[in-house]
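As C-alpha cells, the structure follows; a few thoughts come after it.
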C-alpha cells in the first residue's frame, strides 16, 4: 500500500548504509511523494565493506541519486546527531534547500559491542551508545519540533526503537537501555506536542536483515558457499528464527512500510505508540 506524501519534506538520519533501515525509509518516503534530506555522520560508510565496493556504493550521494531518480528532491547532509550545533546546522540546511520539514525520522543508531555482560561494559562505550541512540533523537526532535510548532501546520516524528527496548537482551545492555529510553521519550514528546498536532510514534524493529544485524555475514556466507541469500539467511539466523512466530527475519523495507504509515495522514489519530514490527516475537504493549 502506498501513502500520499506529495509535497511533504522528510528528514531521515542514519542513511549511509546500503542495506540499512534508514536507506529503505528514505526511498519509501520518496516513493510516496516526499522530498527527502538524508543525514549521516559520514558521507561514505566507515569502513567500506566488500559488498559496498562490489556494488559501487557511494553512501549518501547514492541515496540522493536514487531519490532524484524517483522525481523527488534529495539533499545529503553530513552531521553528528549527538552534537547540538551540528543538529541545528542540519535543520537549517534542510530548510534552506527544501523549505520546510513535515516528517522527522530518527533512525541513526549504533549497536555497540555484542555479548558483553553489563558488569564488563566500559563507561566510554556506554556513554557513546546512549549519546547516539537516545540523546541524538532528543536533540533532533527538539530542534525540528520547534520549527514545526512555529510553522503551525503540525508534523510527524517517528523514532526507530527496537524489541530490545521492550525485553531484556543479555549482552547489549547499552543498546537495550537506549531503546527503552527512546520509547519513553516518544511517549513524553507525544503528550507535549499533541496540542500542536505533531504526532510522535516509534517503530520497534525486530530482527532485521541489515548491516547493523547480521546482513553482512549472510552475504559473505552466500558468496563463500555459492548459495542464495535466502538459504544463507536461514543458516545465520537459525537461532533467532526459532523465536519469531512468523518464522523469518524482517527486511529493511518492512520496517520502512511501518514508518511510511506513521508519516502519513492515515495515522493522524495515532500518537505515543511503540509499534512492534517483530514478526510476532514481542506482543506486549
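Output the number of residues of the range 46-77 satisfying the condition of being surrounded by fewer than 17 Cβ atoms within 10 Å (Cβ to Cβ) and under 24 Å from residue 139 (Cβ atoms).
Summing the residues that are surrounded by fewer than 17 Cβ atoms within 10 Å (Cβ to Cβ) and under 24 Å from residue 139 (Cβ atoms) in the range 46-77 gives 1.
Quick check, is residue 20 at pLDDT below 95 and more than 18 Å from residue 69 (Cα to Cα)?
Against the criterion (at pLDDT below 95 and more than 18 Å from residue 69 (Cα to Cα)), residue 20 qualifies.
Name, by its number, the condition in (1) crowded, with 18+ Cβ neighbours inside 10 Å; (2) within 22 Å of residue 159 (Cβ to Cβ); (3) in contact with a strand residue (DSSP E or B) (Cβ under 8 Å, 6 or more places away or on another chain); (4) at pLDDT 95 or above that does not hold for residue 112.
Residue 112 satisfies all of (1) crowded, with 18+ Cβ neighbours inside 10 Å; (2) within 22 Å of residue 159 (Cβ to Cβ); (3) in contact with a strand residue (DSSP E or B) (Cβ under 8 Å, 6 or more places away or on another chain); (4) at pLDDT 95 or above except (4).
Here is a list: 205, 194, 190. Which entry is within 20 Å of residue 262 (Cα to Cα), within 17 Å of the chain's Cα centre (by Cα) and at pLDDT 95 or above?
205
Conditions tested, residue by residue: (1) loosely packed, with under 14 Cβ neighbours inside 10 Å; (2) under 14 Å from the mean Cα position of the chain (by Cα); (3) at pLDDT 95 or above.
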{"position": "251", "(1), (2), (3)": "no, yes, no"}
{"position": "258", "(1), (2), (3)": "no, yes, yes"}
{"position": "268", "(1), (2), (3)": "yes, no, yes"}
{"position": "277", "(1), (2), (3)": "no, yes, yes"}
{"position": "281", "(1), (2), (3)": "no, no, no"}
{"position": "285", "(1), (2), (3)": "yes, no, no"}
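Within the range 164-177, restricting attention to residues that are in contact (Cβ under 8 Å) with a residue 60 or more places away in the chain and part of a helix (DSSP H, G or I), which residue is nearest to residue 205 (Cα to Cα)? Before the answer, list the steps.
Filtering the range 164-177 down to residues in contact (Cβ under 8 Å) with a residue 60 or more places away in the chain leaves 165-167, 172, 174-175.
Cutting the leftovers down to part of a helix (DSSP H, G or I) gives us 165, 174-175.
Values: 165: 10, 174: 17, 175: 13 Å.
Per the stated criteria, the residue is 165.
Can we say residue 1 is out of contact with any strand residue (DSSP E or B) (no Cβ under 9 Å at 6 or more places or on another chain), surrounded by 15 or more Cβ atoms within 10 Å (Cβ to Cβ) and modelled with pLDDT under 95?
no
Of the residues in the range 78-109, how many are exposed (fewer than 15 other Cβ atoms within 10 Å of the Cβ) and in a loop (DSSP other than H, G, I, E, B)?
Total satisfying the criteria: 1.
Criterion first (in a helix (DSSP H, G or I), in contact (Cβ under 8 Å) with a residue 24 or more places away in the chain and either under 21 Å from the mean Cα position of the chain (by Cα) or surrounded by 15 or more Cβ atoms within 10 Å (Cβ to Cβ) (or both)) does residue 143 satisfy it?
Numbers: in a helix (DSSP H, G or I): yes; in contact (Cβ under 8 Å) with a residue 24 or more places away in the chain: yes; either under 21 Å from the mean Cα position of the chain (by Cα) or surrounded by 15 or more Cβ atoms within 10 Å (Cβ to Cβ) (or both): yes.
The answer is yes for residue 143.
The values are calculated or read from the model by the stated rules, or taken from the named source; none is laboratory data. Bear in mind that the values here come from a model prediction, so they are computed numbers and not experimental data. Positions of Cβ are generated from backbone atoms using ideal geometry, with glycine treated the same way; all protein chains shown enter the neighbour counts.
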